[in-house]
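First the structure, in the form of structure tokens, and then the observations on it.
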Amino acid sequence: MFENYFSKRIKATPSSFIREILKVTQKPEIISFAGGLPNPISFPQEELKISMNRIADEFGAKIYQYSTTLGLDSLREYIVERYKKIWNMDITIDNVIITTGSQQALDLIGKVFINEGDKVMVESPSYLGLLQAFHLYDANFIQTKLNDDGLDIEELKKTIKNHKPKLAYLIPNFQNPTGLTYTLENRKKVFEVIKDENMILIQDDPYGELRFTDDDRIPYIGLNQTEKNIYLGSFSKIVTPGMRLGYVIANKEIIKMLETAKQASDLHSNIFGQYLISDYLYNNDLDKHIEKIKKLYKTQANAMVEAMKKYFPKNIKFTVPKGGMFTWVTLEEGKSSAKLFDKAIRKNVAFVPGNPFYVDTAKDVNTLRLNYTNANEKTITEGIKRLSEALLEI
Ligand SMILES: Cc1ncc(COP(=O)(O)O)c(C=O)c1O
């Protein structure tokens, strides 16, 4: 009925496949490995309740009032101190803007940088929320293959030479959807290839803190410099996603533009949530809290890996996650994960077929994403058992 009213832009943008799938997976009998939800038992509910009372007493009306676009100074200060401590980054609060989740950061970056047809390099596969966000700005995506150790260097060289992308969007730690992490060697090679290019590198890192192994954190590509690097962070996976709080760290000139774009979007992110998270962070030990989440997710990841080893046919490959929230399964060549989805739903188990993580979403693929953070070990084992039965039917 409104076909002639809607913009070309929105008509050309597919609705989020995952949101569509989530509608199917709401039924209680379904075991869902589809969403990307943190486990609710990881939310520090008691501590947040204390913080809620404290900010109400301490700040009164301010927590309900309009506020500044860049975000609450104390929260920006916390981020600066943390990145200085961990990464030795040379930044001040002028390098930080608070956003409504890192999803908004992606939208604002699109608004600030992308003219119609501008080339953006992304991993193959990539985060579908980014593909959707940049699609709205008519980005021209160039996908570069992801291997077990990070970006395919030969493909990267070709992409750079042939396309000269304006932006690159990478998720170097426990990537969504594959769960893969770039090795230090791969990061160094990527940097060697791109360092003299006129390209801005966006590193999106909502999962980096969720490392299950005792290995040290791996520095970002470009050794944590802010010159042509944009870093995205989020409180969604380490505190709570419902507050919708994330942030961008970048050169001041870029932050200024993001501020203008954000004014037009929402004036500022929810100030109550900013006071709340800020109070929580200053009065609790975030690292100790993250340790608890990691322990929980490691157990869940192990349960999924063990079940896949036990029940899946041997020719099916999957990533063994060392952190984050996902594993990525590759079926035999020529098999369709969309077809598997139909069979699996009938057995009351759900996942995300690989299609929406590629630029060409219409193409049938043999890959799929499984999330393990939102089911207990017993349910995970049962779900994988059901999935392995579905696998026999395709
Ligand atoms: C790679 C990546 N970026 C960004 C987001 C958005 O996170 P949020 O807006 O909750 O910070 C997600 C969420 O799953 C993600 O996986």
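Quick look at the numbers
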| quantity | calculated |
| --- | --- |
| Candidate set from region 9-21 (those that are among the aliphatic types (A, V, I, L, M) and out of contact with any strand residue (DSSP E or B) (no Cβ under 8 Å at 6 or more places or on another chain)); member that is modelled with the highest pLDDT | 10 |
| Residue pairs meeting the criteria (Cβ under 8 Å; at least 6 apart or on separate chains; first of a type in the set (Gly, Ala, Ser), in region 89-114; second assigned to a helix (DSSP H, G or I)) | 105/258; 110/133; 110/134 |
| Yes/no for residue 282 being within 16 Å of the ligand (Cβ to nearest atom) and of a type outside the set (D, E, K, R) | no |
| Criterion violated by residue 71 - all others in (1) away from the ligand (no atom under 16 Å from the Cβ); (2) of a type outside the set (A, V, I, L, M, F, W, C); (3) in the same structural domain as residue 164 (by TED's automatic domain parsing); (4) more than 30 Å from residue 14 (Cα to Cα) satisfied | (1) |
| Some residue of region 294-316 being β-branched (Val, Ile, Thr), under 20 Å from residue 172 (Cβ atoms) and not assigned by TED's automatic domain parsing to the domain that holds residue 206 | no |
| First in region 35-57 and touching a residue at least 60 places away in the same chain (Cβ under 8 Å), second anywhere and of a type in the set (Val, Ile, Thr) and assigned to a helix (DSSP H, G or I), Cβ under 6 Å, 6 or more apart | 42/293; 55/63 |
| Subset of region 73-102 [under 18 Å from residue 261 (Cα atoms) and assigned to a helix (DSSP H, G or I)] | 94, 95, 101, 102 |
| Pair list, Cβ < 7 Å and 6+ apart or interchain, from region 224-248 residues that are free of Cβ contacts under 8 Å to residues at least 60 places away in the same chain to residues that are within 10 Å of the ligand (Cβ to nearest atom) and outside any loop (DSSP other than H, G, I, E, B) | 235/245; 235/246 |
| Region 90-102 - residue that is more than 13 Å from the ligand (Cβ to nearest atom) and not polar (S, T, N, Q) and, of those, farthest from residue 234 (Cα to Cα) | 90 |
| Residue match in region 262-284 (condition: hydrophobic (A, V, I, L, M, F, W, C), under 20 Å from residue 169 (Cβ atoms) and in contact with a strand residue (DSSP E or B) (Cβ under 6 Å, 6 or more places away or on another chain)) | no |
| Qualifying position, being modelled with pLDDT under 95 and either within 16 Å of the ligand (Cβ to nearest atom) or at negative phi (or both), among 209, 227 | 227 |
| Check on residue 255, under 30 Å from residue 164 (Cα atoms), assigned by TED's automatic domain parsing to the domain that holds residue 121 and assigned to a loop (DSSP other than H, G, I, E, B) | no |
| Qualifying residue in region 246-261 (condition: out of contact with any helix residue (DSSP H, G or I) (no Cβ under 7 Å at 6 or more places or on another chain), closer than 21 Å to residue 179 by Cα and within 15 Å of the ligand (Cβ to nearest atom)) | no |
| Which numbered condition residue 33 misses (of (1) outside the structural domain of residue 247 (by TED's automatic domain parsing); (2) in contact with a helix residue (DSSP H, G or I) (Cβ under 7 Å, 6 or more places away or on another chain); (3) within 17 Å of residue 132 (Cα to Cα)) | (3) |
| Per-region count, region 278-296, residues surrounded by 12 or more Cβ atoms within 10 Å (Cβ to Cβ) and in a loop (DSSP other than H, G, I, E, B) | 1 |
| Some residue of region 217-229 being of a type in the set (Asp, Glu) and more than 30 Å from residue 353 (Cβ to Cβ) | yes |
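Residue by residue, here is whether (1) away from the ligand (no atom under 16 Å from the Cβ); (2) at pLDDT below 95; (3) in a strand (DSSP E or B) holds:
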residue	(1), (2), (3)
298	yes, no, no
306	yes, no, no
321	no, yes, no
327	no, no, yes
333	yes, yes, no
338	yes, yes, no
341	yes, yes, no
345	yes, yes, no
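The values are calculated or read from the model by the stated rules, or taken from the named source; none is laboratory data. Since we're looking at a predicted model, the values are computed, not measured. Note that each Cβ is placed from the backbone with ideal geometry, even for glycine, and that neighbours are counted across all protein chains shown.
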